[in-house]
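Following: one structure in structure tokens, then a few remarks.
The values are calculated or read from the model by the stated rules, or taken from the named source; none is laboratory data. Everything numeric in this text was worked out from a predicted model, so none of it was measured. Here the Cβ is made from the backbone with ideal geometry for all residues, glycine too, and neighbour counts use every protein chain on show. Keep in mind that these areas ignore ligands, DNA and RNA; they rest on the heavy atoms of the full protein, side chains included. Shrake-Rupley method; radii C 1.70, N 1.55, O 1.52, S 1.80 Å.
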Amino acid sequence: MNRSRRNFLSQTILGGTGMYMGMSILPNGAKARPHFLPTDEMFFKISLAQWSLHKAFFAKKLDNLDFAATAKNEFGIEALEYVNQFFKDKAEDKAYLDEMNMRAADLGVTNVLIMIDGEGQLGSTKEDKRTEAVENHYKWVEAAKYMGCHSIRVNAAGKGTAEEVAAAAVDGLGRLSEFAATYEIGVIVENHGGYSSDGEWLSGVLAEVNNPNCGSLPDFGNFCIKRKGWENCLESYDRYIGTEQLMPFAKGVSAKSNDFDEEGNEIHTDFRKMLQIVKDAGYTGYIGVEYEGRELDEYTGIRKTKELLEKVGKELA
């Protein structure tokens, strides 16, 4: 083999990856983006949102300290998204957090983030209440750092007009993000009801905060703006448009699932369309399995959601 051919091959074959990368030359001499032959390697990693097992936790069938083992041994998932409701009085209990860390480490499991609820409205139009909410989150920032997480997930809730709550949320999120930056912990906002389920509103708030430490956690299913009870959504936002609007800020993604057809597809959300949106945004982080259905038991729902993510992920590889 002559030297020029050998050099060409060495530059275009990626050893050990099973992928061929070619670089096309455009007419003006510029190089196009590299292209790859398909592989089975997904562009994202899978984590498990603790909320997927909320019935078991609330019923005391599972303890928070069992979460790591359940994720790894039952589902083969090695990355955890905690919910503070299941250890809400332990944020400053280092002995308890040490036990959580030890159990995760013993299993080779990664702590990804903590979802925070019940600590006040970061978009409250009352300054004293907003400040209280910001400061209530400080302990969870510190806990997330102690546990090796990359972020806390928060809510941008408040009462008032869309403009009033947006201005308040920019302030609340901005101040919390500045504090969290000192710990290298991200503050990520989920579309989680009310104004925050309006993709345009929430993306506008995040753009106004304008802090790289403050991002989003797009949830495939949480685009109901107004509800009447739990079952009836009176006003919803287009989930695909909303996800696309939030992806530029994404530091996490939640694959919400509820019901499946006979072929294993989620009947409310087109996972292929959603994951294409996520991929097109250049996202390569964790996508959390978050089963919230009522027809299947939680364990079956989690497995079906994971299988669907893996199936579509490989199709899009």
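Return the pairs, sorted by first residue and then second, in which the second residue is open to solvent by 20 Å² or more (accessible area, probe 1.4 Å) and of a type in the set (Asp, Glu), the first residue lies in the stretch 247-259 and is under 20 Å from residue 224 (Cα atoms) and part of a loop (DSSP other than H, G, I, E, B), the beta carbons are less than 9 Å apart, and the residues are 6+ apart or on different chains.
Pairs found: 258/292; 258/295; 259/295.
Return the residues of the stretch 41-73 that are within 28 Å of residue 279 (Cα to Cα) and either aliphatic (A, V, I, L, M) or exposed (fewer than 15 other Cβ atoms within 10 Å of the Cβ) (or both); say none if nothing qualifies.
Scanning the stretch 41-73 gives 41, 42, 46, 48, 49, 53, 68, 71.
Identify, please: which residue in the stretch 133-147 is of a type outside the set (Val, Ile, Thr) and touching a helix residue (DSSP H, G or I) at 6+ places or on another chain (Cβ under 7 Å) and is, among those, nearest to residue 109 (Cα to Cα)?
Let us first name the residues in the stretch 133-147 that are of a type outside the set (Val, Ile, Thr), namely 133, 135-140, 142-147.
Going one step further and asking which of them are touching a helix residue (DSSP H, G or I) at 6+ places or on another chain (Cβ under 7 Å), we end up with 133, 137-138, 140, 143, 146-147.
Numbers: 133: 31, 137: 25, 138: 25, 140: 20, 143: 17, 146: 15, 147: 12 Å.
Checking each candidate, the answer is 147.
Out of curiosity, is residue 240 under 30 Å from residue 302 (Cα atoms) and not in a strand (DSSP E or B)?
Values: under 30 Å from residue 302 (Cα atoms): yes; not in a strand (DSSP E or B): yes.
When the stated conditions are applied, residue 240 passes them.
Restricting the stretch 219-241 to residues that are open to solvent by less than 70 Å² (accessible area, probe 1.4 Å) and touching a residue at least 40 places away in the same chain (Cβ under 8 Å), which is farthest from residue 289 (Cα to Cα)?
Residue satisfying both the conditions and the ranking: 237.
Out of 115, 147, report the one residue that is at pLDDT 95 or above and under 20 Å from residue 94 (Cβ atoms).
Exactly one of 115, 147 is at pLDDT 95 or above and under 20 Å from residue 94 (Cβ atoms), namely 147.
More than 23 Å from residue 192 (Cα to Cα) and crowded, with 20+ Cβ neighbours inside 10 Å: is that true of residue 253 in this structure?
For residue 253, the condition - more than 23 Å from residue 192 (Cα to Cα) and crowded, with 20+ Cβ neighbours inside 10 Å - is not met.
Please go through the stretch 264-311 and give me each residue that is open to solvent by 50 Å² or more (accessible area, probe 1.4 Å) and part of a helix (DSSP H, G or I), ordered by number.
272, 273, 276, 279, 280, 299, 303, 304, 307, 310, 311
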